[in-house]
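Inspection log for the structure reproduced underneath, given as structure tokens.
The values are calculated or read from the model by the stated rules, or taken from the named source; none is laboratory data. Since we're looking at a predicted model, the values are computed, not measured. Cβ sites come from the backbone with ideal geometry, for glycine too, and all protein chains shown count toward neighbours.
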Amino acid sequence: MVIFHSIQSEWIKKRHSSASWLTLAGALFIPAIVLIKRIVDAEKLVQSNASGKIWNTLYGQCWQYMSVFLLPMGIILTASLLAQIEFRNNSWKQVHTTPQSFTVLFWAKFCIAITMLVQFFLIFNLGIVLTGIVPALLFRDVPFPAQDFPYRGFLIGNAKFFLYSLPILSLQYLLSINIRNFMVPIGVGFAMVVASLIAVSWKYGYWLPYTYCSKQFLINDNRIDPDVNIYNWATGYFVLFTVLNYILYINRKSRG
């Protein structure tokens, strides 16, 4: 029960950061742009909504823009903001004097970070759905999407992107709770994102976990080595960074 109370406490503290607003705004940013573009090109709405692949098209458009840059940057900023709650208020010492083990504290904070990532995915997919439905509500001659909603395809696709996001979240969380300066983790993360844009089509680009989301759109272009299992690499990096972070956290001599 201690872990649940700790998670509840961390969730309440999260309200005092900009992480929640960043999650909401970041998740809806690309769907909003796609929706505005569709409304501006109103003469194409009837044909596009009547297409048998409308949901696949909207999914591809939204995820292609989101996965390359905005999703990694959103994770970087959110992880940094969550850690800064304690650094900004100089409250790490107070937190560590509460009747909670360091293990409970670590996993409670990490659970909040993962929960916010799940929240982001849910809001983002709601945004994708709205890009298909809203035009039909605004324009009388525009039909609702003709294609049956591909639940299975959306679930599988989102599961892949979620897995690809976990190494980034884990590494940024590691940097953010171990480095007091707010800008250092963000700077490192931004440098990694830029490097990933350069390395994404490189033969050994899978060494950099920040490339995994972008690589999803290169699989069908024969630019990804079929013998490289990105799922295993993402899982391995996630476990490695998480275990390393846990060890560093519970063994830190200075907990200020």
**Message:** Condition (residue is part of a helix (DSSP H, G or I) and either at pLDDT 80 or above or under 30 Å from residue 200 (Cβ atoms) (or both)) applied to the stretch 86-100: is it met by at least one residue?
**Reply:** no
**Prompt:** Do the conditions hold for residue 167, that is, is it at pLDDT 85 or above and under 19 Å from residue 213 (Cβ atoms)?
**Reply:** yes
**Fill in**
Counted residues in the stretch 1-26 being at pLDDT below 75 and within 18 Å of the chain's Cα centre (by Cα) come to 2
**Prompt:** Could you say which residue among 191, 159, 108 is surrounded by fewer than 21 Cβ atoms within 10 Å (Cβ to Cβ), closer than 29 Å to residue 6 by Cα and without any contact (Cβ under 8 Å) to a residue 60 or more places away in the chain?
**Reply:** 159
**Message:** Given (1) at pLDDT 90 or above; (2) under 25 Å from residue 152 (Cα atoms); (3) touching a helix residue (DSSP H, G or I) at 6+ places or on another chain (Cβ under 9 Å), identify the lone condition not met by residue 67.
**Reply:** (1)
**Item:** Residue within the stretch 136-148 that is within 22 Å of residue 68 (Cβ to Cβ) and part of a helix (DSSP H, G or I) present
**Value:** no
**Item:** Tally, over the stretch 206-256, of residues that are assigned to a helix (DSSP H, G or I), at pLDDT below 85 and surrounded by 13 or more Cβ atoms within 10 Å (Cβ to Cβ)
**Value:** 2
**Complete:** Selection from the stretch 162-188 of residues surrounded by fewer than 21 Cβ atoms within 10 Å (Cβ to Cβ) and either of a type in the set (Ser, Thr, Tyr) or outside any helix (DSSP H, G or I) (or both) yields 179, 180, 181, 182
**Request:** Output the number of residues of the stretch 1-48 satisfying the condition of being under 26 Å from residue 115 (Cβ atoms), assigned to a helix (DSSP H, G or I), hydrophobic (A, V, I, L, M, F, W, C) and without any contact (Cβ under 8 Å) to a residue 12 or more places away in the chain.
**Result:** 4
